[in-house]
Amino acid sequence: MNDCIKEKEEYIIYEKDSTKITVRQLQLEILTIMDEIHRVCVKNNIKYGLIAGSALGIVNYKGFIPWDDDIDICIQKKDWEKFIKALDKDLDSNFYYQCFEKDKKYNTIMGPTMKIRKRNTYIKEVNFLLKNRCKSGDGIFVDVIIYDNICENKFIDELSRTVVKIVMPFIVLLDNLHLNPVLLKKFVVWFSNKYSRLNENSKLMSQPISVPWEKFMHEPVFLKKDILPFKLYDFEGRKYYSYNNIEKILKEWYGPNCLKKWDGKKWVETLPIEKRKPKHTVELNLNGEKPICEEKTN
């Protein structure tokens, strides 16, 4: 990791009328959220780690993948309550967070366990099933995901996830009918917590069973020793935490060819050009809490 890919192409994430916003502009705003998360976590001795594409960016670019339009981090289940208390106490007023513990309209079953957002910004995500029902806002965000104990017995793990999968369609249906299924959400949280406690001595870790579709979408289950302890890595001129054995986990997640390649002269990106594009954002405003088109008409 002594060098990284040099990427010069400018990626446009939002363009309408005379307004053009690049992925890089969004990334720089997201960094302000991530800097604040890092500050709060360090102050309160809470460990976190960049995951998924954000971790891949560490290895290949020492920062964001140039077309990546978000940051994903994980927090261990055992630190979750402590993390929420730290946010309530220390999070700067320019930011706010949304999770089920804070707002019962929040849905964890189809997305991250928490979103930490920036005020005076707006983003509309690609989302086909569950919309953000929280009234606190739709600011740009960092996704926070619990990493939890996973049963070493694959049959028991899949059986436990099936329980949540049965409940999941009813949560989606009721939510889209604007009927908040609080009792079903509470059941999923309770069931997931019970599963975690039963497997506290497991050698495996991944997203909790409260988000059963993640495993269906081929997110691997990892050895705890490869995730923990988190290590500091260079990211956009600062240092953030990520996996202990970062390259091994990325190869397990994205395949053996996901990491940068040396062609004899320079490091090169292995992802095909046609797949290099942002994938989460529909509308964006970095200077207001409404879509740009609405601001112009008001």
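Kindly evaluate residue 52 against the criterion of being at positive phi and among the small types (Gly, Ala, Ser). Let's see the steps before the verdict.
Details: at positive phi: yes; among the small types (Gly, Ala, Ser): yes.
Taking the combined requirement at face value, the residue satisfies it.
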Can you find a residue in segment 270-279 that is more than 24 Å from residue 32 (Cα to Cα), surrounded by 14 or more Cβ atoms within 10 Å (Cβ to Cβ) and aliphatic (A, V, I, L, M)? yes
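For segment 123-151, what are the residues that are free of Cβ contacts under 8 Å to residues at least 60 places away in the same chain and within 12 Å of the chain's Cα centre (by Cα)? Break it down stepwise before answering.
Going through segment 123-151, the residues free of Cβ contacts under 8 Å to residues at least 60 places away in the same chain turn out to be 127-136, 151.
Across segment 123-151, there are no qualifying residues.
Matching residues to (1) out of contact with any Asp or Glu (no Cβ under 9 Å at 6 or more places or on another chain); (2) farther than 30 Å from residue 24 by Cα:
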{"site": "140", "(1), (2)": "no, no"}
{"site": "156", "(1), (2)": "yes, yes"}
{"site": "175", "(1), (2)": "yes, yes"}
{"site": "179", "(1), (2)": "yes, yes"}
{"site": "195", "(1), (2)": "no, yes"}
Odd one out for residue 64, checked against (1) closer than 19 Å to residue 31 by Cβ; (2) surrounded by fewer than 22 Cβ atoms within 10 Å (Cβ to Cβ): (2)
Might you let me know whether segment 37-55 holds any residue that is among the small types (Gly, Ala, Ser) and without any contact (Cβ under 8 Å) to a residue 60 or more places away in the chain? yes
Being modelled with pLDDT under 95 and of a type in the set (Gly, Ala, Ser) is the filter; apply it to segment 197-228 and report the residue that is farthest from residue 151 (Cα to Cα). 210
Exactly one of (1) polar (S, T, N, Q); (2) assigned to a loop (DSSP other than H, G, I, E, B); (3) in contact with a Ser or Thr (Cβ under 6 Å, 6 or more places away or on another chain) is unmet by residue 132. Its number? (3)
In segment 136-163, how many are surrounded by 15 or more Cβ atoms within 10 Å (Cβ to Cβ) and within 29 Å of residue 46 (Cα to Cα)? 19
State whether the residues of segment 133-142 include one that is within 23 Å of residue 206 (Cβ to Cβ), touching a strand residue (DSSP E or B) at 6+ places or on another chain (Cβ under 8 Å) and not basic (Lys, Arg). yes
Checking residue 59 against (1) touching a helix residue (DSSP H, G or I) at 6+ places or on another chain (Cβ under 8 Å); (2) under 18 Å from residue 116 (Cβ atoms); (3) of a type in the set (Val, Ile, Thr): exactly one of these is not met. Which one? (2)
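Taking segment 84-135 as the search range and keeping residues that are among the polar types (S, T, N, Q) and over 18 Å from residue 189 (Cα atoms), which one is surrounded by the most Cβ atoms within 10 Å (Cβ to Cβ)?
First pass over segment 84-135, keeping only residues among the polar types (S, T, N, Q): 93-94, 98, 107-108, 113, 120-121, 127, 132.
Then drop every residue that is not over 18 Å from residue 189 (Cα atoms), which leaves 93-94, 120-121, 127, 132.
Details: 93: 6, 94: 13, 120: 13, 121: 23, 127: 12, 132: 20.
Out of the qualifying residues, it is 121.
The values are calculated or read from the model by the stated rules, or taken from the named source; none is laboratory data. Since the structure is predicted, the reported quantities are computational estimates derived from the model, not experimental observations. Note: ideal-geometry Cβ built from the backbone for every residue, glycine included; neighbour counts use all protein chains shown.
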